[in-house]
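Accompanying notes for the structure given below.
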Amino acid sequence: MARTYFMDFERADETEVSVEYTISAYDPGNTYGPAESCYPPEGGEVEIIKVFNDAGPVVCTDDEAEKWSAYIAENHDHGDDYDDF
């Protein structure tokens with residue numbers, strides 16, 4: 001089951017847009033302790049579903065999508081997302 005989320009961003013022309021996205025559950029992994037207990041982080045992939053503002057749908061550039069996806073991946077509050085693993 002995929003959950004959708006929303007986050008607002010300001011574009012270079014100072015207009016504000018809302019981004020609808022999904023993000024996979026994130027497991028930070030375990031990078032300390034005995035080697036047999038360690039495993040890499042996984043999940044946290046962002047998919048932008050649509051971008052819009054009060055006027056309707058907005059076409060974003062590849063650079064904007066990449067920048068916003070990176071920001072979302074770093075700042076999304078996963079909260080109960082661990083339950084999805």
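As an equivalent ellipsoid, the chain spans semi-axes of 31, 14, 9 angstrom, where each value is the square root of five times an eigenvalue of the C-alpha gyration tensor, largest first. For the stretch 22-62, count all C-alpha to C-alpha pairs, find those more than 12 Å apart, and express that count as a whole percent of the total. So the portion of pairs separated by more than 12 Å is 71 percent.
The accessible surface of the stretch 25-74, taken with every protein chain in place and a 1.4 Å probe, is 52 percent carbon and sulfur. Think of a 1.4 Å ball rolled over the protein heavy atoms: the chain then has 72 Å² of accessible area per residue.
The values are calculated or read from the model by the stated rules, or taken from the named source; none is laboratory data. Because the structure is predicted, anything quoted here is derived from the model rather than measured. The area values use the complete protein model at the heavy-atom level, side chains included, leaving out ligands, DNA and RNA. Shrake-Rupley method; radii C 1.70, N 1.55, O 1.52, S 1.80 Å.
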